[in-house]
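Just so you know, all these numbers are worked out from the coordinates, no wet-lab data involved. All of these numbers come straight from a predicted model, not from anything done at the bench. Here Cβ is always computed from backbone atoms with ideal geometry, including for glycine, and neighbour counts include all displayed protein chains.
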Amino acid sequence: MTGLLEVIALHPADAKRATEGGADRIELVGTMEHDGLSPEPALVGQVTRATNLPVRVMLRLREGFSTDATEIVRLKQLISAYRDLGADGVVLGFLNSDTEVDLPVLREVIEDIDFGWTFHRAIDSSIWTDRAWRALQELPHLDQVLTAGSVRTVAEGLDELVARAKQNPFARKLIMAGGGLKAEHVPWLARAGVTAFHVGSSVRPTGSWKAYIDPELVRTWRRLVDDAVSRAAPS
């Protein structure tokens, strides 16, 4: 049994190198400013032509996890443009002023979506995590939730992720662990039933976003994820 390895790419060269290293999917962001913002459509086309991997594109126009009516039209236009350019799906998530999952806004943004999408780390900033996970069950076509289990990194959220995966079948199926994920976290998560993992700076020399992805570092993660998931699979 193999796991899913998603790698953050910033440009076509990253996408090519992630593909060479054995990634399963690309998360494309236009910039890592504010932890990732939407790319221009032209970049999406360049990346989808550079790889045969599925590409999910960040849908986020500003710092934080809120949006408003003036942005919703733009967000929906971007979804349409990204799909036309070959993107497999999008990565998004919004919270309301009470820092709870903003279901009305999300339903409006994704109302025309008929493909899988990822709810990103907005969930880690929600005030009531249990309530947030219940809210996500109401959203159609959602098939992945990127989470560190904490507002910081997986190191601080590991116990939360492990407990949730063990106790909640819906969460276990959707969790994609990411956000400062380290190699030593993977076996613990795999044993809890997590099979999807997300990396970015850890597949770049010195961990710098200015460096291109190193295919050999991706291969290392590929072997790590597959070994951990295989060992954890029921015999």
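What the table shows:
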quantity: Relative contact order for the chain, counting Cα pairs under 8 Å that sit 6 or more residues apart, in percent; calculated: 21 percent
quantity: Proximal lysines to Lys210, defined as alpha-carbon separation beneath 21 angstrom and excluding residues fewer than eight positions away on the same chain; calculated: Lys16, Lys182
quantity: Mean Cα-pair separation over length for the range 116-235, i.e. relative contact order, pairs under 8 Å, 6 or more apart, %; calculated: 19 percent
quantity: Mean ellipticity per residue at 222 nm, deg cm²/dmol - from DSSP H runs of n ≥ 4 across the chain, formula -39500 (n - 2.57); calculated: -12000 deg cm²/dmol
quantity: Cubic angstrom per residue, convex hull over Cα atoms of the range 1-77; calculated: 106 Å³
quantity: For the range 4-229, convex hull volume per residue from C-alpha positions, Å³; calculated: 106 Å³
quantity: DSSP bridge pairs, the chain: antiparallel proportion in percent, nearest 5; calculated: 5 percent
quantity: Trypsin sites (Lys or Arg not before Pro), loop per DSSP, at most 13 other Cβ atoms within 10 Å - longest free stretch of the chain; calculated: 63-151
quantity: Of the chymotrypsin sites (Phe, Trp or Tyr not before Pro) in the range 96-163, those whose Cβ has at most 16 other Cβ within 10 Å and which sit in DSSP loop; calculated: Phe115, Trp128
quantity: At most 16 other Cβ within 10 Å, DSSP loop - GluC sites (Glu not before Pro), the range 40-133; calculated: Glu63, Glu100, Glu111
quantity: GluC sites (Glu not before Pro) restricted to DSSP loop in the range 137-175 with at most 15 other C-beta within 10 Å; calculated: Glu138
quantity: Unit charges at the beta carbon, dipole of the chain: most positive-side option, Thr153, Gly22, Ser97; calculated: Gly22
quantity: Order of Ser150, Ser230 under a 10 Å beta carbon neighbour criterion, fewest first; calculated: Ser230, Ser150
